[in-house]
Amino acid sequence: MLRTCDSIFNFRRSGLKLLGLKLFLLPMFFFVLWNFYFPLQATQQSLVTRTGLIFNCLAGVSLLSIVITASTFGVFRTRYYQESREGIYGGATFVFCQTLSSLPLSALSVCAAASIIFWGLGLGEHCVNCAAPGYSTTDQLWQWFLFFTVLWACYAFVEHQTMLLLLFCRSSFSAGIASFYCTVTYLLVGSSTLKTLVGLPKWLYYVSYVVIFRYASAFLHEQMFRDKEYLVNLPSRNETAQIKCISNNAQYGCRYLNGTHYLQERYNLGNIKNPVDDLHLYWNFAWTFAFVAGLVLLNVLAYSMPLPNFIKSKFRE
């Protein structure tokens, strides 16, 4: 762990590159993303925009996690192969130390990135239970914390997925490409953005249960849309007032009664005819982190097992 920290904070060109990738790449991307979405209107016209924002946040932290891990982890992986053959330490110690040394910088980077979107677009002004008596700044901070930690869980999951692929692929580029294709597939199947969950074929709907983005995206959708009464207003023709959508009248652009009504077209919300409910806020939050814990455990087992000779031969020189 000390050696890893020394390689990052050595203030040489290699160290500055590692620090820049790990600390500043995500906030820079999210700042660019913020410029495309600001200002985010609190109207029904922003419903699809908000869904796109969720997709871009999930895709941004995940795909940039691949870039960061593939660019920085390869050298430590190669050193592990050399030192493990000498019996200095094992795979479990290696994965634990890499996870622990990566956690502060990744958490700080995702925290800064999530703050740019959450506070910069005013998502904290319209949180869950925002109309409840006694709603305070503490509630906004709690919603920001949940938003940030879900994005960080996606970052950590894809980071460990790339680490697992680097166990078998000597080329960081090849491992990054493989991780990229896997992650894009997860996003297409489970995020309910480009294709809604209720619109998936039955077999793909059940496959989505083993995809982390199903739970992360469902959490973010529920946090952003559930019981959002402010999403019923649209700008009037004279641009000086708001039209109140009293009924579901699509003729005037008021297609949805509120945010929950919008979610019904993307998720199963549970009713007498269909008891399946895809939206359980804290249940989805817990499952997101369960996937991270499961992949960390898988990495520990994979790095601890003896490798076949055809893989060892890739790293002998």
*When the residues of region 29-42 are filtered to those that are crowded, with 16+ Cβ neighbours inside 10 Å and not aromatic (Phe, Trp, Tyr), which remaining residue is farthest from Thr149 (Cα to Cα)?*
Ala42
*So, of the residues in region 85-94 that are more than 15 Å from Cys5 (Cα to Cα) and touching a residue at least 60 places away in the same chain (Cβ under 8 Å), which turns out to be surrounded by the fewest Cβ atoms within 10 Å (Cβ to Cβ)?*
Ala92
*Test Phe289 against the criterion of being at pLDDT 85 or above and surrounded by 10 or more Cβ atoms within 10 Å (Cβ to Cβ), and give yes or no.*
yes
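Which of the residues belonging to region 1-13 are part of a loop (DSSP other than H, G, I, E, B), within 23 Å of Thr99 (Cα to Cα) and without any contact (Cβ under 8 Å) to a residue 12 or more places away in the chain?
Step one: of region 1-13, the residues part of a loop (DSSP other than H, G, I, E, B) are 1, 9-12.
Add one more test, that the residue is within 23 Å of Thr99 (Cα to Cα), and what stays is 1, 9-11.
If the condition is that a residue be part of a loop (DSSP other than H, G, I, E, B), within 23 Å of Thr99 (Cα to Cα) and without any contact (Cβ under 8 Å) to a residue 12 or more places away in the chain, then Phe9, Asn10, Phe11 are the ones that fit.
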*Scan region 47-64 and report the pairs whose first residue is over 15 Å from Val32 (Cβ atoms) and whose second residue is among the β-branched types (Val, Ile, Thr), with Cβ atoms within less than 6 Å and a gap of 6+ or a chain change.*
Thr51/Thr193; Phe55/Thr193; Ser62/Val158; Ser62/Thr183
*Residues in region 43-56 that are surrounded by fewer than 17 Cβ atoms within 10 Å (Cβ to Cβ) and either touching a strand residue (DSSP E or B) at 6+ places or on another chain (Cβ under 8 Å) or assigned to a loop (DSSP other than H, G, I, E, B) (or both): how many?*
1
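Residue-wise test of (1) surrounded by 16 or more Cβ atoms within 10 Å (Cβ to Cβ); (2) at pLDDT below 85; (3) farther than 30 Å from Gly74 by Cβ; (4) more than 16 Å from the chain's Cα centre (by Cα).
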site: Gln140; (1), (2), (3), (4): yes, yes, yes, yes
site: Thr185; (1), (2), (3), (4): no, no, no, no
site: Trp203; (1), (2), (3), (4): no, no, yes, yes
site: Val207; (1), (2), (3), (4): no, no, yes, yes
site: Val211; (1), (2), (3), (4): yes, no, no, no
site: Phe225; (1), (2), (3), (4): yes, yes, yes, yes
site: Glu229; (1), (2), (3), (4): no, yes, yes, yes
site: Ala241; (1), (2), (3), (4): no, yes, yes, yes
*Would you mind stating whether Val32 is under 21 Å from Ile117 (Cα atoms), β-branched (Val, Ile, Thr) and in a helix (DSSP H, G or I)?*
yes
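Which residue, of Leu63, Leu100, Leu23, Leu16, is part of a helix (DSSP H, G or I), surrounded by fewer than 15 Cβ atoms within 10 Å (Cβ to Cβ) and at pLDDT 85 or above? Before you say what the answer is, go through the steps one by one.
Details: Leu63 fails: surrounded by fewer than 15 Cβ atoms within 10 Å (Cβ to Cβ); Leu23 fails: surrounded by fewer than 15 Cβ atoms within 10 Å (Cβ to Cβ); Leu16 fails: at pLDDT 85 or above.
Answer to the selection: Leu100.
Scanning for something assigned to a loop (DSSP other than H, G, I, E, B) and under 15 Å from Glu265 (Cα atoms), does region 213-225 turn up at least one residue?
Initial filter on region 213-225 (assigned to a loop (DSSP other than H, G, I, E, B)): none.
There is no residue in region 213-225 that is assigned to a loop (DSSP other than H, G, I, E, B) and under 15 Å from Glu265 (Cα atoms).
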_Within region 270-277, does at least one residue satisfy the condition of being among the acidic types (Asp, Glu), modelled with pLDDT under 80 and buried (at least 19 other Cβ atoms within 10 Å of the Cβ)?_
no
*Hey, could you check region 243-263 for residues that are more than 29 Å from Gly190 (Cβ to Cβ), among the hydrophobic types (A, V, I, L, M, F, W, C) and surrounded by 12 or more Cβ atoms within 10 Å (Cβ to Cβ) and say which is modelled with the highest pLDDT?*
Cys254
*Test each condition in (1) at pLDDT 90 or above; (2) loosely packed, with under 13 Cβ neighbours inside 10 Å for Pro133 and report the one that comes out false.*
(1)
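Among the residues of region 157-165, is any at pLDDT 90 or above, within 13 Å of the chain's Cα centre (by Cα) and either under 28 Å from Asp277 (Cβ atoms) or outside any helix (DSSP H, G or I) (or both)?
In the first step, residues of region 157-165 are kept if they are at pLDDT 90 or above; the result is 157-165.
Filter once more, keeping what is within 13 Å of the chain's Cα centre (by Cα): 157-159.
Narrowing the set further to residues that are either under 28 Å from Asp277 (Cβ atoms) or outside any helix (DSSP H, G or I) (or both) leaves 157-158.
So far as region 157-165 goes, yes, one or more of its residues are at pLDDT 90 or above, within 13 Å of the chain's Cα centre (by Cα) and either under 28 Å from Asp277 (Cβ atoms) or outside any helix (DSSP H, G or I) (or both).
The values are calculated or read from the model by the stated rules, or taken from the named source; none is laboratory data. Please read these numbers as outputs of a predicted model, since none were measured by experiment. Please note: Cβ atoms are built from the backbone with ideal geometry, for glycine as well, and neighbour counts cover all protein chains shown.
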